[in-house]
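Contents: one structure, followed by commentary.
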Amino acid sequence: MSLDNVARIEMTVNRLIEEHQRMKRDKEAIEKKLQQKESEWHHLKGQIRQYERERMELREKLDKIIGQFASLNLVD
C-alpha cells in the first residue's frame, strides 16, 4: 500500500469522523428542541384545562344569574 493510498484513507476517515461529530451535534440540538416543544406543549395543555374550568365556572354563574332573572317574573 502506497503512502498516497494511506493518506487518502486517513483523509476519508477524518472526513467521516467530522461528519459523525456534526451529525451528533445536530441530533443533540434537535433533541433539545424537541424537549422544549414538549415542555411548551405540556404548558399549553395545562392552560387549556384551566380555560375549560374557567369556562364551566362562568357558564354555571351565568346560568344561575339567568335563573334568578327568570324567577323575578318581570313580565308585565
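Of all residues in the range 32-68, count the ones that are among the aromatic types (Phe, Trp, Tyr) and either loosely packed, with under 10 Cβ neighbours inside 10 Å or in contact with a helix residue (DSSP H, G or I) (Cβ under 8 Å, 6 or more places away or on another chain) (or both). Going through the range 32-68 one residue at a time, the tally reaches 0. All conditions but one from (1) in a helix (DSSP H, G or I); (2) of a type outside the set (Ser, Thr, Tyr); (3) modelled with pLDDT under 95 apply to MET23; the one that does not is (3). The test for being out of contact with any Cys (no Cβ under 9 Å at 6 or more places or on another chain) and part of a helix (DSSP H, G or I) holds for LEU16. Looking at the structure I just gave you, is ALA29 small (Gly, Ala, Ser), surrounded by 10 or more Cβ atoms within 10 Å (Cβ to Cβ), over 35 Å from the mean Cα position of the chain (by Cα) and in a helix (DSSP H, G or I)? For ALA29, the condition - small (Gly, Ala, Ser), surrounded by 10 or more Cβ atoms within 10 Å (Cβ to Cβ), over 35 Å from the mean Cα position of the chain (by Cα) and in a helix (DSSP H, G or I) - is not met.
The values are calculated or read from the model by the stated rules, or taken from the named source; none is laboratory data. Here the structure is a predicted model, which is why all the values come from computation and not from measurement. Every residue, glycine as well, gets a Cβ built from its backbone with ideal geometry; the counts of neighbours run over all protein chains shown.
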